[in-house]
Every structure is written in structure tokens, then in C-alpha cells.
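Below is one structure, written out as C-alpha cells, with a few remarks after it.
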Amino acid sequence: ISATLTGFAWNNTSGWVDNRLEMSAGCSIEFDYAPLENTPTDTGKTIEIEWSTKNVNDDNAVICDLRNNNGVGIVIYATKVSMTSADGVTIETEYKSDENVRIAFVINRSTGSTHQRMSFIYANGIVSRGEKWAITDSYTSNATLKFVATDAVEVSLKSIRIYDAALSNDNVLNNYILYRDTISEMMEVYDRNDVYE
């Protein structure tokens, strides 16, 4: 999927640094893709994003807005994420600036799935919030995926993964474990979550 990058100086504070896209004030990246466009409640949808924010001057500064004109969809603020349905079902969770976070937004199918008509937000592989919605409800939005850094918040973007399916709890946790920066960190997170023994 193609993307347009704007405002980058391509140095240590504005560009690719250690496999992350460092976004200082004035930088943006916009993908030619609207992840909530095609009725996500029909197929299920998972949007996993890993990032950190820094130099936050406004907790309500928006770094990514996937909402339509009626406020339906997902929005990422400097220290909080939120997901809202057409009927007004809203789930939110906060995160800390200056710390890496991997958030998964999961919208289950309206019929036929284990968690039908439920949406979840996971933080670092662990379910943080969940809510049930009506079979007639919707999360459809034609907003394109775009991240913006401003004077109020800078962004360090690590990864984006989008699935046309609702991942399970185990899937989300396994993805979090798998995509750690080092093998030692991966094993540390794995051992911490290995509760069967």
C-alpha cells in the first residue's frame, strides 16, 4: 500500500531511525487506504499499531483520526485511544507518553463468531476494554490512515498491521510477543505470559 510522507528532514529526529519512523512537528504519513471502509462488521477487522508519543503538550492532540463525519471509527490521541460505533458505543483506554505501546483494535463480526457483536481494545497484548453492540450497528468510515505530528505531540511509529478478520486473544498476544525488538525481550514477555506451568 502506497503512502505519502510530508515534512521529513531525514535525520535523527525526523525520518527512519532504528526501524522506526520518527515524526517531529510538521511531519505526516498518509496511506492510500481506508481500513474501516468496507463494513468491518461483516468480515471482522483488526488494526494493530505500535508507536510512542513524546514531547506532549496537549493530551487531546490527535495523531491519527479514522472517524467519519459522524464521529464513527477510531481516533488516537497523544495519551488515549478511542473507538466509537454508529450507535454511540464507545470504548477508550489511556496509555503513557514516552513509552512504547502496541494497541490492537478488534471489531468482531456481527454474526457467527465466538465474540459476535463485540469490540475490544488490547494494550501490549492484553485486553484493556470491550463492549457489545447491536446487530444493526456499524463501524464503517472512509477516512484514510494518516499519522500527524504537531507542536503538541511528536510520534515514533514502529509498525502497522491490519487484518480483514477479528483476531482472538491468543492471536493478539502472540503478535505482541513475536514483534519485540530482541530475542531476549521476546522470551521475557513469553515467560511472563506462560501461566500454564
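The values are calculated or read from the model by the stated rules, or taken from the named source; none is laboratory data. Keep in mind that what you see is a predicted model, and the values were worked out from it rather than measured. Here the Cβ is made from the backbone with ideal geometry for all residues, glycine too, and neighbour counts use every protein chain on show. Keep in mind that these areas ignore ligands, DNA and RNA; they rest on the heavy atoms of the full protein, side chains included. Shrake-Rupley method; radii C 1.70, N 1.55, O 1.52, S 1.80 Å.
Scan segment 52-65 for residues that are in contact with a Phe, Trp or Tyr (Cβ under 9 Å, 6 or more places away or on another chain) and over 18 Å from residue 24 (Cβ atoms) and report the count.
Residues meeting the conditions: 2.
Does segment 95-130 hold any residues that are surrounded by 15 or more Cβ atoms within 10 Å (Cβ to Cβ) and under 13 Å from residue 85 (Cα atoms), and which are they?
105, 106, 107, 108, 110, 117, 118, 119, 120
Only one of (1) farther than 26 Å from residue 33 by Cα; (2) out of contact with any strand residue (DSSP E or B) (no Cβ under 7 Å at 6 or more places or on another chain); (3) of a type in the set (Gly, Ala, Ser) fails for residue 168. Which number is that?
(1)
Among the residues of segment 109-139 satisfying the criterion of being hydroxyl-bearing (Ser, Thr, Tyr) and touching a Gly at 6+ places or on another chain (Cβ under 8 Å), which is nearest to residue 188 (Cα to Cα)?
The qualifying residue nearest to residue 188 (Cα to Cα) is 119.
Quick grid of which residues meet (1) within 12 Å of the chain's Cα centre (by Cα); (2) touching a residue at least 12 places away in the same chain (Cβ under 8 Å):
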{"site": "4", "(1), (2)": "no, yes"}
{"site": "8", "(1), (2)": "no, yes"}
{"site": "18", "(1), (2)": "no, no"}
{"site": "38", "(1), (2)": "no, yes"}
{"site": "42", "(1), (2)": "no, yes"}
{"site": "51", "(1), (2)": "yes, yes"}
{"site": "78", "(1), (2)": "no, yes"}
{"site": "98", "(1), (2)": "no, yes"}
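Across segment 3-34, what is the number of residues that are in a loop (DSSP other than H, G, I, E, B) and modelled with pLDDT of 95 or more?
Within segment 3-34, residues that are in a loop (DSSP other than H, G, I, E, B) and modelled with pLDDT of 95 or more number 11.
Could you check residue 176 against (1) open to solvent by 40 Å² or more (accessible area, probe 1.4 Å); (2) in contact with a Lys or Arg (Cβ under 9 Å, 6 or more places away or on another chain); (3) closer than 16 Å to residue 50 by Cβ; (4) at pLDDT below 95 and say which number it fails?
It is condition (1) that residue 176 fails.
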